[in-house]
C-alpha cells in the first residue's frame, strides 16, 4: 500500500473541525463568518483587478461550498462556479447542498491536468495551516501546488497564507515571508499583486497570466 502523502495532515485537521463544529465557518477552520466574508470579498476582487466580468472560477479547497453561497448572496450569477477538494467528506456534503454544482474530489499531485478549464482559481485556507509539516516542506508544497493551479487557470489565481507581520504565531499555522511569496510569484508571472490591506492576520496573492489583465 503506498505511503499516505504528508499533506493529508491538512485534510485530517479540517475534517476534525467539521466533526467538532459542523457546517459553519468554524467547521472549515476559520474563526467566524464575518472574517470569512472579508476573505471571500478579497478573493472576488481579483476579478476587478483583472477587468473580468462574467467568468468561471474553480474554488480549490472548496470545503462545504461556502464561497458559492457567498456568490449567490452578492448576486454574482454571472460566475460559473466549480468546487474541488481533497476530502471526500467535504465533497459529499457540498454535493448534497448544491446538487446543480459540479464538485470534484481530486488530488492535483496525482492529476495535475485538472478535469475542467476555468478562467480563475481561488484557494482560500488551503495554505494557511501546516500542522506537523515542516516549514521547508510546506514551502515546497505551496510552490508545487500553485504552479499546478496557475498552469490550469486561463487568467489567474488567488491564494492566501498567514502573514509574518503579526504579534504572535499559533503552532500549526503557515506564515510565509512576503519576500518569499514575491520570489515565488515572479518565477511564474510578472503580473501579480499582494494584498495585505484587509485587516486579518494573513495576506492574499493575486497572480495573473501576462496577457490576462485589462
Q: Would you check which residues across segment 112-128 are crowded, with 16+ Cβ neighbours inside 10 Å, in contact with a helix residue (DSSP H, G or I) (Cβ under 8 Å, 6 or more places away or on another chain) and part of a loop (DSSP other than H, G, I, E, B) and list them?
A: 114, 124, 125, 126, 127
Q) Restricting the search to segment 22-39, which residues are touching a strand residue (DSSP E or B) at 6+ places or on another chain (Cβ under 9 Å) and either under 19 Å from residue 82 (Cα atoms) or assigned to a helix (DSSP H, G or I) (or both)? A) 39
Q: Name the residue, out of 198, 203, that is assigned to a loop (DSSP other than H, G, I, E, B), in contact (Cβ under 8 Å) with a residue 12 or more places away in the chain and within 18 Å of the chain's Cα centre (by Cα).
A: 198
(Q) Suppose we filter 90, 109, 104 for residues that are in a strand (DSSP E or B) and modelled with pLDDT of 95 or more; which single one remains? (A) 104
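Based on what the data block shows, is residue 166 in contact (Cβ under 8 Å) with a residue 24 or more places away in the chain, over 24 Å from residue 64 (Cα atoms) and part of a loop (DSSP other than H, G, I, E, B)?
Yes.
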Q) If the Cβ limit is 6 Å and pairs must be 6+ apart or interchain, which residue in segment 37-56 that is under 12 Å from residue 74 (Cβ atoms) pairs with which residue that is modelled with pLDDT of 95 or more and in a helix (DSSP H, G or I)? A) 40/67; 40/70
Q) Across segment 1-14, what is the number of residues that are in contact (Cβ under 8 Å) with a residue 24 or more places away in the chain and farther than 23 Å from residue 81 by Cα? A) 8
(Q) Based on this model, can you work out whether residue 161 counts as surrounded by 13 or more Cβ atoms within 10 Å (Cβ to Cβ), under 16 Å from the mean Cα position of the chain (by Cα) and either assigned to a loop (DSSP other than H, G, I, E, B) or touching a residue at least 40 places away in the same chain (Cβ under 8 Å) (or both)? (A) yes
Q: State the number of residues belonging to segment 57-80 that are part of a helix (DSSP H, G or I), over 23 Å from residue 212 (Cβ atoms) and in contact (Cβ under 8 Å) with a residue 40 or more places away in the chain.
A: 1
Q | Extreme residue, nearest to the chain's Cα centre (by Cα), among residues of segment 43-56 that are closer than 18 Å to residue 83 by Cα and part of a helix (DSSP H, G or I) | A | 43
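To keep it simple, each residue is scored yes or no on (1) more than 15 Å from residue 126 (Cα to Cα); (2) surrounded by 13 or more Cβ atoms within 10 Å (Cβ to Cβ).
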| residue | (1), (2) |
| --- | --- |
| 24 | yes, yes |
| 29 | no, yes |
| 34 | yes, no |
| 42 | yes, yes |
| 50 | yes, yes |
Q. Given the residues 170, 154, 131, 140, which is the only one that is surrounded by fewer than 21 Cβ atoms within 10 Å (Cβ to Cβ) and under 19 Å from residue 43 (Cβ atoms)?
A. 154
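The values are calculated or read from the model by the stated rules, or taken from the named source; none is laboratory data. Model, not experiment: these values are computed from the prediction. Here Cβ is always computed from backbone atoms with ideal geometry, including for glycine, and neighbour counts include all displayed protein chains.
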